[in-house]
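> Before I ask anything, here is the structure I am working with.
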Amino acid sequence: KQEVTQIPAALSVPEGENLVLNCSFTDSAIYNLQWFRQDPGKGLTSLLLIQSSQREQTSGRLNASLDKSSGRSTLYIAASQPGDSATYLCAAAGAGSYQLTFGKGTKLSVIP
Amino acid sequence: EAGVAQSPRYKIIEKRQSVAFWCNPISGHATLYWYQQILGQGPKLLIQFQNNGVVDDSQLPKDRFSAERLKGVDSTLKIQPAKLEDSAVYLCASSYMAGSFSTDTQYFGPGTRLTVL
């Protein structure tokens, strides 16, 4: 059974800092690894999707990496802004039924 | 393009009552998902539909939860009777599923927050 862990559970940084969010998964047989953002009272917004054959994906100030052999993914946010404050969730898409298994998320606060 | 629509946004009921949630996916999306997100946890898949057929319902508590997707478009999720531990946000998501799992992105609705008293 796939298990996804995110560290840290919460993070507070001053505006302008670069930061890294960590995600680990136990089963390397995945189709892809996805990062989502969740704002309070709202649904999830897809940020990046890394296919199992890829090593990283970039979108603007966001960069996500994937290391299947070690069961790890990181989300790098450059030059953080107060608008980046949200909960960030990673999810592993399991090979087979394509079920997404989510971590509990990292709650990010960017202080102006 | 319109996103995934869900209603109601909030619902408060007493235990042992029944409740139903509605979801309208993005037009053209073949796959529809229902997730349960308990406070402080990540979403957990309850059921996955491909068109109007069930692909995965292994984590659906079938003694009290039921779901249907008529005509392969809208879907309803029902709980009867509700328990205190059903208090959660129920998220609906849809995806195009063009044939490649590796690149398929799910789009989520705003969710329905259920409180069971």
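The values are calculated or read from the model by the stated rules, or taken from the named source; none is laboratory data. If you're wondering where the values come from, they're calculated on a predicted model, not measured in any experiment. Every residue, glycine among them, receives a Cβ derived from its backbone with ideal geometry; neighbour counts consider all protein chains shown. When the accessible area is computed, the model is the full protein with side chains, heavy atoms only, and any ligands, DNA or RNA have been set aside. Shrake-Rupley method; radii C 1.70, N 1.55, O 1.52, S 1.80 Å.
> Mind listing whichever residues of region A:3-27 are among the polar types (S, T, N, Q) and more than 16 Å from the chain's Cα centre (by Cα)?
A:Ser12
> List the pairs whose first member sits in region B:1-29 and is within 14 Å of chain A (Cβ to nearest Cβ) and over 23 Å from B:Ala82 (Cβ atoms), whose second member is in a loop (DSSP other than H, G, I, E, B) and aromatic (Phe, Trp, Tyr), and whose Cβ atoms are under 7 Å apart, counting only residues at least 6 apart or on separate chains?
B:His29/B:Tyr96
> Give me the residue from region B:47-68 that is in a strand (DSSP E or B), modelled with pLDDT of 90 or more and within 11 Å of another protein chain (Cβ to nearest Cβ) and, out of that set, nearest to B:Pro25 (Cα to Cα).
B:Gln48
> So is B:Trp34 more than 11 Å from chain A (Cβ to nearest Cβ), open to solvent by 60 Å² or more (accessible area, probe 1.4 Å) and not polar (S, T, N, Q) or not?
Answer is no for this residue.
> Among A:Arg61, A:Arg72, which is more than 14 Å from every other protein chain (Cβ to nearest Cβ) and in contact (Cβ under 8 Å) with a residue 24 or more places away in the chain?
Of A:Arg61, A:Arg72, the one residue that is more than 14 Å from every other protein chain (Cβ to nearest Cβ) and in contact (Cβ under 8 Å) with a residue 24 or more places away in the chain is A:Arg72.
> How about region A:24-45: which of its residues are of a type in the set (D, E, K, R) and either closer than 30 Å to B:Tyr10 by Cα or crowded, with 23+ Cβ neighbours inside 10 Å (or both)?
Within region A:24-45, A:Arg37, A:Asp39, A:Lys42 meet the criteria.
> From the residues in region B:56-84 that are in contact with a Ser or Thr (Cβ under 7 Å, 6 or more places away or on another chain) and more than 24 Å from B:Lys15 (Cα to Cα), which one is surrounded by the fewest Cβ atoms within 10 Å (Cβ to Cβ)?
The extreme case among them is B:Asp56.
> In the list B:Lys15, B:Lys71, which residue meets the criterion of being at positive phi and either at pLDDT 95 or above or outside any loop (DSSP other than H, G, I, E, B) (or both)?
The match here is B:Lys71.
> Right, next: Inside region A:75-100, can you point out the residues that are facing chain B (nearest Cβ under 10 Å) and either closer than 12 Å to A:Gln6 by Cα or of a type in the set (Asp, Glu) (or both)?
Residues satisfying the conditions are A:Thr87, A:Leu89, A:Cys90, A:Ala91.
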